[in-house]
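Worksheet: the structure to be examined is printed underneath.
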Amino acid sequence: MTGLFGLPNELLIAICSSPALFSRDLFRLALVCHRLHPIALHAFFELTTAGFGTGSRSLMVQMSTSGPDALSGLCVALFPLPPIEELCIALPRVLSPTQTVYLSWKETKYLPMHLRRIEAFFKRFIGRAALKMVKIQLDEYRIDLWSGASKSARADAAQHLKSCFNAVLGAGCETLAIHNGGFYLGVPPQVHQRSNTGHGGANIGQKLRDLFRIPQSKDKKKPPSSSLPTKSRLVGLKVSSNVLLSPEMVDWTLGILRSSPITHLTVSAMTFSSNFDRLQQIAVARPGLTSFTLRDAEFVTPFDLIPAALESYTNLVHLTISGRHVHLTNTIPPHFHLFLPHLETIRAPPRFLIGLLSQSGSWKIPRLQAVYLFWVSSMHDADHSGSEHLYEPPVLAASVSQVTSLLDQHQLRPIIGIKTEGALSGWQRQSERSQDLTPELQSQVRRVSVLEMTLFMMLGDLDFIQYWTRLFSGAKEAKIEEAKIELGDRFFDWNINLEHLGSQLRRRTQLEKVEINGKQLNLSRLVKE
């Protein structure tokens with residue numbers, strides 16, 4: 001091994017980059033000495049994570065059921081960590097990607113062990129990076145986390161969850177997002193499939209396995225702490241997991257809302273589990289919010305619960321209401337009462353905007369600066385019996401016209417935008433009929449200046465962008481919030497070649513500026529092919 005240490009860096013890098021080495025060998029190699037540590041550990045990260053490098057701001061970690069993973073690597077890193085601002089941690093996979101059966105309690109028995117690892121990491125992590133956002137993906141530990149469990153088992157799991165989340169907040173996290181299962185972080189296949197025959201690197205790996213055996217963690221059980229952190233810096237909370245609003249966890253969640261300086265809150269109505277009083281409880285716990293997002297609003301019944309809860313947010317500046325358009329059309333009344341005096345930006349379904357702007361009486365509309373008509377669709381909505389007409393260009397344009405006419409009545413000239421989310425490729429064939437619009441409707445849709453899209457980059461989504469930018473030809477800017485590729489019932493983050501996608505958008509649309517996953521592209525500087 002002394003000869004190995006004497007090799008030049010270029011050769012060591014070549015050895016660490018060999019396809020014959022398993023990631024666990026790289027992890028052990030990183031522990032040999034200070035000189036090899038940064039070389040091997042960087043190679044290890046390259047195999048087990050996405051988005052890690054000297055200039056990285058975000059890091060995604062897929063935890064391993066056993067053996068080292070990127071979380072282990074961060075814990076033992078001797079070199080200064082990159083300025084990580086966003087960290088996403090996905091718990092280990094419980095089932096294979098092809099299995100869709102639900103979990104029983106016995107299949108979640110390792111959850112406390114995984115949570116203790118995350119907790120230990122954040123306790124070591126304090127002061128090593130300026131974390132702004134932490135996302136924890138519970139993977140298959142979703143609502144079924146509580147299924148079949150005894151009362152004491154649920155209470156035990158809740159204690160570990162509270163202790164883990166408290167450690168995250170104690171590390172200075174500014175935004176915490178807790179998600180249910182639904183997508184996996186992509187792990188390169190070579191991490192799991194490596195040949196170890198006939199290569200010098202494999203021999204080194206075998207020697208390392210023999211010389212540096214890392215004992216398995218005993219996972220000593222320590223009583224988890226559920227007391228709330230005293231100096232939380234949390235300003236944003238995203239509740240996208242049934243766990244946070246379960247009977248065993250709701251007091252902790254409401255306590256965090258009361259004790260933290262939270263100004264931005266995102267809640268999915270699917271997490272209420274039919275207990276819609278939770279919406280009012282949240283509003284009472286944190287009335288000083290300036291930004292609120294309610295996702296999956298179609299699950300809130302009756303609709304009156306939404307305006308009643310929003311009335312508590314008297315300081316609200318930004319409001320987003322999202323829900324599948326097909327289901328919301330018949331539930332939102334033609335007008336309703338809602339008083340938000342400081343509201344500047346709203347993203348909501350057209351029917352919600354029309355009801356809000358059609359209030360009668362002495363109510364005074366706020367001085368809105370930006371209004372986005374928000375459509376959410378599933379893959380089958382465009383083909384849903386009786387709802388096809390909802391997505392035809394004349395109907396979409398009429399919705400824009402209704403909203404802009406009401407704004408004109410109130411003498412408001414805010415930015416008009418369109419926001420879409422979901423599997424929207426089914427709409428593209430309808431959008432080709434934009435020439436059917438009357439001159440009056442065409443003049444109204446030209447007032448749309450911004451497009452915001454959440455896409456899964458399936459076949460046809462580029463066509464969707466092209467057709468919709470043609471329909472709303474006044475839009476010169478677009479914000480593509482997420483780019484994911486759909487595979488079966490799992491979603492993988494897609495590392496897009498931004499320049500290629502930018503060239504495609506430049507060639508096929510009139511867009512001048514595009515923001516994709518937070519990265520700015522000036523299409524006017526790209527040459528059309």
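If you scan region 378-409, which residues turn out to be modelled with pLDDT of 90 or more and among the acidic types (Asp, Glu)?
Within region 378-409, Asp408 is the sole residue that qualifies.
I'm checking my understanding of the structure. Among residues of region 130-175 that are within 21 Å of the chain's Cα centre (by Cα), assigned to a loop (DSSP other than H, G, I, E, B) and among the hydrophobic types (A, V, I, L, M, F, W, C), which one is modelled with the highest pLDDT?
Residue satisfying both the conditions and the ranking: Cys173.
Under 6 Å between Cβ atoms, at least 6 apart or on separate chains: pull out the pairs that start in region 145-158 with a residue that is closer than 15 Å to Leu245 by Cα and end on any residue that is modelled with pLDDT under 70 and of a type in the set (Phe, Trp, Tyr).
Arg154/Trp146
Considering (1) under 20 Å from Glu421 (Cα atoms); (2) modelled with pLDDT of 75 or more, say which one Ser503 fails and leave the rest.
Every listed condition holds for Ser503 apart from (1).
If I go through region 285-338 residue by residue, how many of them are of a type in the set (Gly, Ala, Ser) and in a loop (DSSP other than H, G, I, E, B)?
Going through region 285-338 one residue at a time, the tally reaches 4.
Considering every residue within region 79-101, establish whether at least one is buried (at least 18 other Cβ atoms within 10 Å of the Cβ), part of a helix (DSSP H, G or I) and either touching a Phe, Trp or Tyr at 6+ places or on another chain (Cβ under 7 Å) or at pLDDT below 80 (or both).
no
I'm told Phe491 meets every condition in (1) assigned to a strand (DSSP E or B); (2) modelled with pLDDT of 70 or more except one. Can you identify the failing condition by its number?
Failed condition: (2).
Pick from region 268-284 the residues that are farther than 28 Å from Ile418 by Cβ and not in a loop (DSSP other than H, G, I, E, B): which of them is modelled with the lowest pLDDT?
Phe272
Could you please find all residues in region 322-344 being touching a Phe, Trp or Tyr at 6+ places or on another chain (Cβ under 8 Å) and of a type in the set (Ser, Thr, Tyr)?
Correct list: Ser322, Thr331.
Regarding Gly361, is this residue modelled with pLDDT under 85, within 27 Å of Tyr467 (Cα to Cα) and in a loop (DSSP other than H, G, I, E, B)?
Against the criterion (modelled with pLDDT under 85, within 27 Å of Tyr467 (Cα to Cα) and in a loop (DSSP other than H, G, I, E, B)), Gly361 does not qualify.
Looking only at region 367-377, decide whether some residue is of a type in the set (D, E, K, R), farther than 23 Å from Gln442 by Cα and at pLDDT 65 or above.
Yes, that holds for at least one residue.
Can you pull out the residues in region 403-421 that are within 18 Å of Leu437 (Cα to Cα) and more than 32 Å from the chain's Cα centre (by Cα)?
Ser405
Of the residues that make up region 437-453, is at least one at pLDDT below 80 and closer than 19 Å to Ala397 by Cα?
Yes, there is a match, as at least one residue in region 437-453 is at pLDDT below 80 and closer than 19 Å to Ala397 by Cα.
Quick one: would you say Thr253 is closer than 28 Å to Lys419 by Cβ, part of a strand (DSSP E or B) and of a type in the set (Val, Ile, Thr)?
no
The values are calculated or read from the model by the stated rules, or taken from the named source; none is laboratory data. Just so it is clear, the model here is predicted, and its values are computed rather than measured. No Cβ is skipped: glycine too gets one built from the backbone with ideal geometry, and neighbour counts run over all protein chains shown.
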